[in-house]
Amino acid sequence: MTNTSKKLSNCREIAVAEFHKKIKEAFEVFDHESNNTVDVREIGTIIRSLGCCPSEGELQDLIAEVEEEEPTGYIRFEKFLPVMTKVLLERRYRPIPEDTLLRAFEVLDPAKRGFLSKEELIKYMTEEGEPFSQEEMEEMLSAAIDPEANSIHYKDYITMMVIDEN
């Protein structure tokens, strides 16, 4: 093994150890019984807390990968750890960059007002693309809508949403 490949191997080992620590910490938050299992419904929250933003379909694929052959409703840490480590090493499901989000909102705001009304946002969330569930919609509206103006000032919302990767 050359000196360079030894250094790369060492860097990878350090990265894997860091990822294992982060994954374990995130998993433990939802391991209410302290038995190395979490409710399958918590997996999306755990994955997102680790800086990944999978679509609903990608999340279901990940869950299928870590679930037992006969689903129990719980995910074991031993099955979750290697899959999530690989996801983080491969930098899969990265968040959408801030400038891309801004351009997307601007497409929905052709008058370039800098905001969308609550009604416009609900229309786009339910009638375009992959529709939001009622729960997802209510969660986003409570975080995004300025109650006084009854609208979303999307530049402020994007700043709040973006994950700092540093």
Take the residues of segment 25-38 that are not polar (S, T, N, Q) and not in a helix (DSSP H, G or I): which is surrounded by the fewest Cβ atoms within 10 Å (Cβ to Cβ)?
GLU33
Hits in segment 106-131 (condition: within 27 Å of GLU58 (Cα to Cα), touching a Phe, Trp or Tyr at 6+ places or on another chain (Cβ under 7 Å) and not hydroxyl-bearing (Ser, Thr, Tyr))
LEU108, MET125
Among the residues of segment 112-123, which ones are acidic (Asp, Glu) and open to solvent by less than 70 Å² (accessible area, probe 1.4 Å)?
GLU120
Quick check on segment 12-24. Is at least one of its residues small (Gly, Ala, Ser) and either modelled with pLDDT of 90 or more or not in a helix (DSSP H, G or I) (or both)?
yes
How many residues does segment 124-166 contain that are of a type in the set (Ser, Thr, Tyr), out of contact with any Gly (no Cβ under 8 Å at 6 or more places or on another chain) and either open to solvent by less than 80 Å² (accessible area, probe 1.4 Å) or not in a helix (DSSP H, G or I) (or both)?
5
Conditions (1) touching a helix residue (DSSP H, G or I) at 6+ places or on another chain (Cβ under 6 Å); (2) open to solvent by less than 30 Å² (accessible area, probe 1.4 Å); (3) farther than 22 Å from PRO131 by Cα; (4) part of a helix (DSSP H, G or I): number failed by VAL87
(1)
Any idea which of LEU50, LEU62 is more than 22 Å from VAL162 (Cα to Cα) and within 15 Å of the chain's Cα centre (by Cα)?
LEU62
In segment 99-119, what residues are among the aliphatic types (A, V, I, L, M) and either touching a strand residue (DSSP E or B) at 6+ places or on another chain (Cβ under 7 Å) or in contact (Cβ under 8 Å) with a residue 40 or more places away in the chain (or both)?
LEU101, LEU102, LEU108, LEU116
Suppose we keep only residues that are touching a helix residue (DSSP H, G or I) at 6+ places or on another chain (Cβ under 9 Å), over 15 Å from ILE23 (Cα atoms) and without any contact (Cβ under 8 Å) to a residue 40 or more places away in the chain within segment 40-61. Which one would you say is most open to solvent (accessible area, probe 1.4 Å)?
VAL40
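Working only within segment 35-47, note down all residues that are within 8 Å of the chain's Cα centre (by Cα) and of a type outside the set (Gly, Ala, Ser).
Narrowing segment 35-47 to residues within 8 Å of the chain's Cα centre (by Cα): 44-45, 47.
Answer for segment 35-47, where residues must be within 8 Å of the chain's Cα centre (by Cα) and of a type outside the set (Gly, Ala, Ser): THR45, ILE47.
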Test for TYR74: is it touching a strand residue (DSSP E or B) at 6+ places or on another chain (Cβ under 9 Å), open to solvent by 90 Å² or more (accessible area, probe 1.4 Å) and on the phi < 0 side of the Ramachandran plot:
yes
Output for segment 120-166, where each listed residue is free of Cβ contacts under 8 Å to residues at least 24 places away in the same chain and touching a Pro at 6+ places or on another chain (Cβ under 8 Å)
MET125
Do the conditions hold for ASP109, that is, is it more than 30 Å from SER34 (Cβ to Cβ), among the acidic types (Asp, Glu) and open to solvent by less than 50 Å² (accessible area, probe 1.4 Å)?
yes
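The values are calculated or read from the model by the stated rules, or taken from the named source; none is laboratory data. Here the structure is a predicted model, which means the values were calculated and not measured. Please note: Cβ atoms are built from the backbone with ideal geometry, for glycine as well, and neighbour counts cover all protein chains shown. The area values use the complete protein model at the heavy-atom level, side chains included, leaving out ligands, DNA and RNA. Shrake-Rupley method; radii C 1.70, N 1.55, O 1.52, S 1.80 Å.
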